[in-house]
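So the structure is just underneath, and the comments pick up after that.
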Ligand SMILES: Nc1ncnc2c1ncn2[C@@H]1O[C@H](COP(=O)(O)OP(=O)(O)O)[C@@H](O)[C@H]1O
Ligand SMILES: N[C@@H](CCC(=O)OP(=O)(O)O)C(=O)O
């Protein structure tokens with residue numbers, strides 16, 4: 001099987017300071033992608049820029065602030081971006097596809113699987129998928145909010161080998177190099193926690209037209225490496241660095257992947273779902289789950305936090321609140337209020353009906 005790459009390019013690389021498209025950079029990016037595809041790589045391009053390009057087309061001189069204006073600008077800009085990609089890829093006889101996602105699409109298992117199947121079919125057809133957030137319909141609660149996170153979730157979805165985050169700086173520094181010229185470059189991160197030791201500062205929101213700055217890129221690297229995906233932050237003006245990184249050169253900032261969860265369903269539980277509640281376990285249940293590979297039974301629950309329904313994702317925590325696992329719960333929080341601390345055989349008396357024996361079955365549980 002050929003390696004799969006997700007390449008995310010930010011507004012800061014795609015546009016010039018006046019908001020117009022940086023056509024030379026985009027053309028270089030497309031040539032790199034076409035070359036890599038010819039070498040057998042499967043590639044997904046995650047492209048930002050809809051809001052920035054749309055705003056420029058509408059004559060706005062700064063990034064729109066209100067949600068409605070942002071969504072309207074994105075609706076204008078997305079079409080322009082896809083036209084440019086289609087024109088340039090067509091020069092290389094490369095068909096493209098537009099995929100617009102919101103977070104809800106990857107949270108729901110049915111649409112998660114549909115999205116996965118669509119990507120596979122596009123790869124089979126030799127089409128180049130170009131992804132963005134569906135900005136025009138995304139509402140706050142169901143939004144990725146930034147394409148760094150979106151690209152990491154897509155990389156996890158399609159089980160990619162690499163995630164490349166292309167931006168307008170050559171790598172991550174100990175602080176924003178624009179404000180702190182003596183900030184130290186960071187070449188390699190083996191564990192995300194090491195960033196705390198290095199006291200990396202990510203400052204504010206990033207460049208004028210970008211969203212999230214380095215903070216969201218680090219969060220994306222955490223999601224991707226947690227899903228077993230090698231991740232690199234590198235300069236968008238030099239897309240040819242991607243190939244050099246693939247050949248082992250220490251360009252950009254590279255993040256070592258963690259071991260990936262064994263199967264796609266467990267990866268979805270670990271990285272696809274947003275946990276909506278917390279279940280605190282007693283010491284016996286912590287041991288049974290962390291080292292014994294057991295399911296969670298009502299008897300092992302010490303306390304519940306948050307309101308959730310059956311089939312929602314929850315965090316399983318030790319007494320101090322540290323997450324030890326995540327899973328899909330078989331009971332709502334109000335049902336758990338009644339059966340927590342009791343034996344499974346008591347469930348029928350306590351609830352008046354017979355539910356599952358387990359609160360979280362081990363097949364639906366992933367250690368953190
Ligand atoms: N520690 C840091 N290292 C490097 N860049 C940083 C750091 N903290 C903040 N930044 C800023 O992040 C910006 C890139 O983020 P952003 O504008 O969101 O880019 P993009 O549009 O590519 O997603 C850089 O221009 C840089 O000024
Ligand atoms: N979906 C938005 C992108 C938001 C975003 O993350 O932007 P950026 O920080 O430039 O990658 C758009 O197309 O404008």
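See the values below:
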| read-out | value |
| --- | --- |
| Selected residue (only one of 27, 38 is away from ligand 2 (no atom under 15 Å from the Cβ) and under 14 Å from residue 14 (Cβ atoms)) | 27 |
| First in the range 136-163 and in contact (Cβ under 8 Å) with a residue 12 or more places away in the chain, second anywhere and part of a helix (DSSP H, G or I) and within 9 Å of ligand 2 (Cβ to nearest atom), Cβ under 7 Å, 6 or more apart | 136/74; 144/150; 146/216; 148/216; 148/217; 149/216; 163/151 |
| Yes/no for residue 38 being surrounded by fewer than 17 Cβ atoms within 10 Å (Cβ to Cβ) and within 21 Å of residue 161 (Cβ to Cβ) | yes |
| Selection status of residue 336, surrounded by 13 or more Cβ atoms within 10 Å (Cβ to Cβ), in a helix (DSSP H, G or I) and at pLDDT 95 or above | yes |
| The range 235-257, subset under 14 Å from residue 222 (Cα atoms) and in contact (Cβ under 8 Å) with a residue 60 or more places away in the chain, residue surrounded by the most Cβ atoms within 10 Å (Cβ to Cβ) | 255 |
| Condition check for residue 310: over 14 Å from residue 368 (Cβ atoms) and at pLDDT 95 or above | no |
| Residue ranges of strands (runs of 3 or more DSSP E) in the range 1-109 with at least 2 members farther than 25 Å from residue 240 by Cβ | 96-101 |
| Residue selected from the range 277-307 under the condition in contact with a helix residue (DSSP H, G or I) (Cβ under 7 Å, 6 or more places away or on another chain) and more than 20 Å from residue 344 (Cα to Cα), by the criterion surrounded by the fewest Cβ atoms within 10 Å (Cβ to Cβ) | 307 |
| Among residues of the range 117-175, those that are within 16 Å of ligand 2 (Cβ to nearest atom) and in a loop (DSSP other than H, G, I, E, B), counted | 13 |
| Tally, over the range 214-234, of residues that are touching a strand residue (DSSP E or B) at 6+ places or on another chain (Cβ under 7 Å), in contact (Cβ under 8 Å) with a residue 60 or more places away in the chain and either outside any strand (DSSP E or B) or closer than 22 Å to residue 176 by Cα (or both) | 9 |
| Odd one out for residue 258 among (1) on the phi < 0 side of the Ramachandran plot; (2) at pLDDT 95 or above; (3) not in a helix (DSSP H, G or I) | (2) |
| Test result for residue 12, exposed (fewer than 15 other Cβ atoms within 10 Å of the Cβ), over 18 Å from residue 152 (Cα atoms) and modelled with pLDDT under 95 | no |
| Tally, over the range 350-367, of residues that are in a loop (DSSP other than H, G, I, E, B) and out of contact with any helix residue (DSSP H, G or I) (no Cβ under 8 Å at 6 or more places or on another chain) | 4 |
| Residues within the range 101-116 that are over 19 Å from residue 266 (Cβ atoms) and at pLDDT below 85, tallied | 0 |
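The values are calculated or read from the model by the stated rules, or taken from the named source; none is laboratory data. A quick note: this is a predicted structure, and the numbers were derived from the prediction, not measured. So basically every Cβ, Gly included, is an ideal-geometry build from the backbone, and we count neighbours across all protein chains shown.
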